[in-house]
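Since the structure comes first, as structure tokens, the remarks are kept for the end.
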């Protein structure tokens, strides 16, 4: 299991400097970032952690104007380093970044009290209390707070040790590792002699050199002809790794940031998505919103279910999406964070109210719940659409349900025993009525 580590925090609170001190890598790669001394887009590095191995790190911008870029990096993070300057304490973007981390499936948090060399004992104490108040009452309460200085070197070994402990304790996303892989594309470019290359973080499963893949939106089939991680060629990459992927069968002009590269049958082109979500600020039904999904920011409207834990997104353009993919919703203007959650049905159907589904159930139980006891049953293609799978991927599950007589398959439709009995009774009644009309 690999882990993706990410930074978060207010602008100029030392995120990039801390990564440079830990790894020796300057994550600011753009000329404008060098000129302005401020992170604008995502930066990347890697760190060897004793007992854990080499882990990927994503560095995000802290300025409020670049929150979308921060979200692109945060959406795949397992362990986060929240940087808070010891001489300044918690600031507005600290709070916003922390709220985003709390909405996402980030498993562990470490607070780096940066610029510790600029703060005396009393100032450090106040900053620590400020951070403790921020964490209080959240799932990250009690997370380690480590004073650190990139000037004196204070705290750097403790940060590495804390990362080692966090990655050892973190479950990552182990329930997802067996699932088919996908990579949200955050960069695309060409390399002379190799052709089209994309970069992104492996969000699930294992991708292998030579795999066939699908690009969404667009439903374009491509082949992987090379994999790289941190400038090294590899045969495979697992969840939590940064990936450079050389693609065959597609030109640079056909790819853009925000698309998704995935195993066939895993990602779907869509404009309607059913989601499970936790709200910070519940929106109005039908409100226009910004949707951060992978590396894409889409515009659309959100429609709420009656219980409030689910919603449907109806987007103004097509995106690629997969089951379980994390997302964050922001108000269209001003772009304040509304809530965060994950994709439940990638290809939703427009309806007046969204019916929530218990996603904690095992896959066979979800299918049985969807079919219900209706005498009409449910077509295979409809079940696959709702679950974000292909009919082929569900083949073994359907066969087991048939063998156990939990469901009955008839002409491409699935019925429960009660549903089949009701359908049979309705058919016999119709036949009897027709017989009576004809022969009486």
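Output yes when any residue across region 161-175 is more than 24 Å from residue 48 (Cβ to Cβ) and either in contact with a strand residue (DSSP E or B) (Cβ under 7 Å, 6 or more places away or on another chain) or free of Cβ contacts under 8 Å to residues at least 24 places away in the same chain (or both), and no when none is. Yes, the conditions are met somewhere in region 161-175. Looking at region 234-255, can you tell me whether even one residue there is within 30 Å of residue 301 (Cα to Cα) and without any contact (Cβ under 8 Å) to a residue 24 or more places away in the chain? Yes. For the criterion of being within 28 Å of residue 276 (Cα to Cα) and in a loop (DSSP other than H, G, I, E, B), residue 151 fails. Could you please let me know if residue 400 is surrounded by fewer than 11 Cβ atoms within 10 Å (Cβ to Cβ) and either in a helix (DSSP H, G or I) or not assigned by TED's automatic domain parsing to the domain that holds residue 274 (or both)? When the stated conditions are applied, residue 400 does not pass them.
Take the residues of region 275-324 that are over 19 Å from residue 386 (Cα atoms) and touching a helix residue (DSSP H, G or I) at 6+ places or on another chain (Cβ under 7 Å): which is surrounded by the fewest Cβ atoms within 10 Å (Cβ to Cβ)? This residue is 278.
Look at (1) within 22 Å of the chain's Cα centre (by Cα); (2) surrounded by fewer than 18 Cβ atoms within 10 Å (Cβ to Cβ); (3) without any contact (Cβ under 8 Å) to a residue 40 or more places away in the chain and you find that residue 68 fails only one, number (3). For region 342-362, the set of residues classified as surrounded by fewer than 21 Cβ atoms within 10 Å (Cβ to Cβ) and modelled with pLDDT of 65 or more consists of 342, 347, 349, 350, 351, 360, 361, 362, listed by residue number. Evaluation of residue 199 against the conditions (1) modelled with pLDDT of 95 or more; (2) in the same structural domain as residue 239 (by TED's automatic domain parsing) shows that the sole unmet condition is (1). For the residues 291, 250, 281, 302, the requirement of being in a loop (DSSP other than H, G, I, E, B) and within 22 Å of residue 99 (Cα to Cα) singles out 281. Within region 347-370, at least one residue is outside any loop (DSSP other than H, G, I, E, B) and in contact with a strand residue (DSSP E or B) (Cβ under 7 Å, 6 or more places away or on another chain). Do we find that residue 148 is modelled with pLDDT of 95 or more and surrounded by 16 or more Cβ atoms within 10 Å (Cβ to Cβ) in this structure? Here the answer is yes, as residue 148 does meet what is asked.
For region 210-247, the set of residues classified as surrounded by fewer than 21 Cβ atoms within 10 Å (Cβ to Cβ) and farther than 18 Å from residue 266 by Cβ consists of 225, 226, 228, 229, 230, 231, 232, 233, 234, 235, 246, listed by residue number.
In region 1-17, the qualifying residues are those that are touching a helix residue (DSSP H, G or I) at 6+ places or on another chain (Cβ under 8 Å) and surrounded by fewer than 24 Cβ atoms within 10 Å (Cβ to Cβ), and the one that is farthest from residue 91 (Cα to Cα) is 1. When 180, 141, 162 are checked against the criterion of being surrounded by 14 or more Cβ atoms within 10 Å (Cβ to Cβ) and over 26 Å from residue 321 (Cβ atoms), a single residue qualifies: 162.
The values are calculated or read from the model by the stated rules, or taken from the named source; none is laboratory data. Quick caveat: nothing in here was measured; it's all calculated off a predicted structure. We place every Cβ from the backbone using ideal geometry, glycine too, and count neighbours over all the protein chains shown.
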